[in-house]
Amino acid sequence: MKTFKFKSIWLLSDSEQTARSESFSPKKTLLVGMNHTGKSSLIKSLFTALGAFPAGQLDRWNKDTTVLVEFSVDGVDYYVVQQRNNRGLFDAQGRLNFTSANATDWGRNFAELVGFNLILTDRKLKSVTGDARTFFLPFYINQDGSWLSDWSTFDNLQQYQKPIGPVLEYFTGVKPPEYYDLNSQKLVHQKDLSELRGEEKVIKTIKDRFGRTVPLDGPKTMPEVFEQDIARLTIEINEINSEQEEIRNNIVRERETAESLELQIKMAHQALSQYDSDSSFLQTEPHNVLVCPVCHAEHGKTFMDLLRYSEDARVLRNLAVELKNDHLKISRTLEGSKDRLRSLDDNYRKISNILETRRGDLKLNDVVRAMGAESAFAAFEAELSELEVKINPLVTAIDKLNRRLSELTNRKRSNSILSDFRKYYDIALKSLNMPSVETGKMNLNRRPKISGSGGPRSILAYYAALWHTSLGEYGSFSIPAVIDSPQQQGQDATNLPIMIEYIATKLPSDMQIILAVEEPTKFKFEKVIELNEPYNLLSPDQYDQIRKFIDPFTDAMYRALLG
């Protein structure tokens, strides 16, 4: 599992000659301060520096402030310096890796750095790689929007077409990073295969057209071409012979079926004829007593009811009609089989004649034409053989990738992940003093929509379920959970401590947590940052020291951008 952690942040305002630096615990950090003391400014600067602009305006904040953030990816440290849209990435020794003056370039480089390979669709229906906004989206609860029922965490998410579902599926493991790696390989293979198939089709078309102009059954002067013809024709005649045998067997069975149906139809007609005679006799002659013509027993008139002549005759007529229809069908099938057999016999005789043709007394013109034709056909076959050597491995590779992609997205895996998510959500609701809800139909991207003070608690439970699931069996990334701030929509003195306690004690133990609150708490946080002065997050006391530290980064960035 890849791990991303925030380590430190430096803020520098040259116009105001103020600055500030803070570091974060790899476990739990608490930002404490009343409104306007800079909690949100500090947190939003973290994300802005990395290319994700949080929603919401910062009051009295200098947009020219230089931000330097230290972070780690799988234990490897990096620095990013940001001023306006300009960014530079440095390694732990301060060596410049790359610079960017626009969001697109930075987003691509950032995604590559952290190993974020999610593919999304933009508004123009083009495939694009996710950037820092989608990387941090499920892990940052922004006080300006994230506590509501929609995803308003970062600005300009509308650039993507329905990004929420794919983002959540990516981090929870429904479609993990491996899926996108394999799918990317598959697309490359499919493109190569398509080009080769197109080339193969062109060569076959030219060969077929050339073959209609220069017949294949002409004289052969090149031994290898002659051998190829013999081998090809032998295969064809064996295939025809095999198909002939199969069709002959089918014809025998079909003829037997047709004869059987003819006999049944004849018997049905005879029975119907006998019925008509008996019925006419019974209806035209007066009979008080019926004498059986076989045993000469005498029966009363109810014997006609027992015989049920009318019903028997109706059934017999229906049977005769069905038999006739069946006979017509089998007759058509039989004729089709005979036609196919005649066609195969013609092809068999034609190929046999070619194989038995003597290569004797050839005319000079035949030889000259044959030499050119043979060379051309040999070239066609060589080209097709080379293409086949390239095509076969691609087909095999694509099949293998399809099998692995099916394994990664199979229903059992998806149901297991969704089941975990629902379980964690239900547990979180109970811990946050919320009633249980029906989660049987709850999907990953279905945010709760609860009004009043219960709304933020249900939102926290929802995010917590995502975080637990993302760090579960199928997850691939450990990303800090940043929460600003749970005191929303009038949380009372009972429920606010419950939310803070849950964050401090019930979230995944190996997850980095940064929590912003207004008042201190009794629950343990490894690092506590206290902010006391409204609108004075940055201080003149630290300006000189921090400027000396940041200047080498900004100087290197601008030299690269301007050089």
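The values are calculated or read from the model by the stated rules, or taken from the named source; none is laboratory data. Note that this is a predicted model, so its numbers are computed, not measured. Neighbour counts are summed over all protein chains in view; Cβ atoms, including those assigned to glycine, are modelled from backbone coordinates with ideal geometry.
Consider the stretch 547-563 and keep the residues that are farther than 13 Å from V80 by Cα and among the aliphatic types (A, V, I, L, M). The one that is surrounded by the fewest Cβ atoms within 10 Å (Cβ to Cβ) is L562. Criterion applied to A373, A428 was being modelled with pLDDT under 80 and surrounded by 11 or more Cβ atoms within 10 Å (Cβ to Cβ), and the one residue passing it is A373. The listed residues are A397, A493, and the only one of them that is hydrophobic (A, V, I, L, M, F, W, C), in a helix (DSSP H, G or I) and out of contact with any Lys or Arg (no Cβ under 6 Å at 6 or more places or on another chain) turns out to be A397. Among the conditions (1) of a type outside the set (G, A, S); (2) within 19 Å of A92 (Cβ to Cβ); (3) modelled with pLDDT under 95, the only one that P26 does not satisfy is (3).
Every residue, every condition in (1) part of a loop (DSSP other than H, G, I, E, B); (2) modelled with pLDDT of 75 or more; (3) not assigned by TED's automatic domain parsing to the domain that holds T333, yes or no:
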residue: K204; (1), (2), (3): no, yes, yes
residue: K207; (1), (2), (3): no, no, yes
residue: G211; (1), (2), (3): no, no, yes
residue: D229; (1), (2), (3): no, no, no
residue: E239; (1), (2), (3): no, yes, no
residue: E243; (1), (2), (3): no, yes, no
residue: E246; (1), (2), (3): no, yes, no
residue: E254; (1), (2), (3): no, yes, no
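Residues that are modelled with pLDDT under 90, of a type in the set (A, V, I, L, M) and touching a Ser or Thr at 6+ places or on another chain (Cβ under 9 Å) occur in the stretch 152-170; there is at least one. In the stretch 70-87, of all residues being touching a residue at least 40 places away in the same chain (Cβ under 8 Å) and over 17 Å from D131 (Cβ atoms), the one that is surrounded by the fewest Cβ atoms within 10 Å (Cβ to Cβ) corresponds to G75.
For the stretch 134-159, filtered to residues that are farther than 21 Å from V114 by Cβ and not charged (D, E, K, R), the residue that is surrounded by the fewest Cβ atoms within 10 Å (Cβ to Cβ) is Q158. Within the bounds of the stretch 101-110, is there any residue that is assigned to a strand (DSSP E or B) and in contact (Cβ under 8 Å) with a residue 24 or more places away in the chain? Within the stretch 101-110, not a single residue is assigned to a strand (DSSP E or B) and in contact (Cβ under 8 Å) with a residue 24 or more places away in the chain. Note on the stretch 433-473: residues that are within 19 Å of L137 (Cα to Cα) and in contact with a helix residue (DSSP H, G or I) (Cβ under 9 Å, 6 or more places away or on another chain) total 22. For the stretch 470-490, which residues satisfy the criterion of being in contact with a Lys or Arg (Cβ under 9 Å, 6 or more places away or on another chain) and not in a loop (DSSP other than H, G, I, E, B)? Residues satisfying the conditions are F477, S478, D484. Hey, among S451, S476, which residue is out of contact with any strand residue (DSSP E or B) (no Cβ under 9 Å at 6 or more places or on another chain), farther than 20 Å from L46 by Cβ and either free of Cβ contacts under 8 Å to residues at least 60 places away in the same chain or not acidic (D, E) (or both)? The conditions single out S451. Criterion first (free of Cβ contacts under 8 Å to residues at least 24 places away in the same chain, closer than 26 Å to G38 by Cα and not β-branched (V, I, T)) does D484 satisfy it? For D484, the condition - free of Cβ contacts under 8 Å to residues at least 24 places away in the same chain, closer than 26 Å to G38 by Cα and not β-branched (V, I, T) - is not met. Residues in the stretch 160-196 that are surrounded by fewer than 14 Cβ atoms within 10 Å (Cβ to Cβ) and among the basic types (K, R) were compared, and the one that is farthest from the chain's Cα centre (by Cα) is K191.
Here's the yes/no breakdown for (1) closer than 22 Å to W147 by Cα; (2) not assigned by TED's automatic domain parsing to the domain that holds W147:
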site: V395; (1), (2): no, yes
site: D399; (1), (2): no, yes
site: R403; (1), (2): no, yes
site: I417; (1), (2): no, no
site: Y425; (1), (2): yes, no
site: K430; (1), (2): yes, no
site: R447; (1), (2): yes, no
site: S451; (1), (2): yes, no
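Picking from residues in the stretch 443-458 that are polar (S, T, N, Q) and part of a loop (DSSP other than H, G, I, E, B), the one that is farthest from the chain's Cα centre (by Cα) is S453. For the stretch 1-60, taking the residues that are within 15 Å of P534 (Cβ to Cβ) and among the polar types (S, T, N, Q), the one that is surrounded by the most Cβ atoms within 10 Å (Cβ to Cβ) is identified as S40. Return the residues of the stretch 459-470 that are in contact (Cβ under 8 Å) with a residue 40 or more places away in the chain and within 23 Å of I498 (Cα to Cα); say none if nothing qualifies. Result: I459, L460, Y463, A464, A465, L466, W467, H468, T469.
No other residue among G75, G38, G56, G33 is closer than 22 Å to R95 by Cβ and of a type outside the set (S, T, Y) apart from G75. Looking only at residues in the stretch 119-133 that are under 9 Å from P163 (Cβ atoms) and touching a helix residue (DSSP H, G or I) at 6+ places or on another chain (Cβ under 8 Å), the one that is surrounded by the fewest Cβ atoms within 10 Å (Cβ to Cβ) is L120. Look at the stretch 149-162: where a residue is over 13 Å from L125 (Cα atoms) and a partner is part of a helix (DSSP H, G or I), sitting 6+ places away or on another chain with Cβ atoms under 6 Å, you get W151/I164; T153/L137; F154/R133.
Just for the stretch 473-499: of the residues that are aliphatic (A, V, I, L, M) and under 17 Å from Y425 (Cα atoms), which one is nearest to the chain's Cα centre (by Cα)? Within the stretch 473-499, the match that is nearest to the chain's Cα centre (by Cα) is A481.
For every residue, the table says whether it meets (1) in a strand (DSSP E or B); (2) within 18 Å of D144 (Cα to Cα); (3) under 32 Å from the mean Cα position of the chain (by Cα); (4) assigned by TED's automatic domain parsing to the domain that holds S15.
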{"residue": "L31", "(1), (2), (3), (4)": "yes, yes, no, yes"}
{"residue": "N35", "(1), (2), (3), (4)": "no, yes, no, yes"}
{"residue": "I43", "(1), (2), (3), (4)": "no, yes, no, yes"}
{"residue": "W61", "(1), (2), (3), (4)": "no, yes, no, yes"}
{"residue": "D64", "(1), (2), (3), (4)": "no, no, no, yes"}
{"residue": "S72", "(1), (2), (3), (4)": "yes, no, yes, yes"}
{"residue": "D77", "(1), (2), (3), (4)": "yes, no, no, yes"}
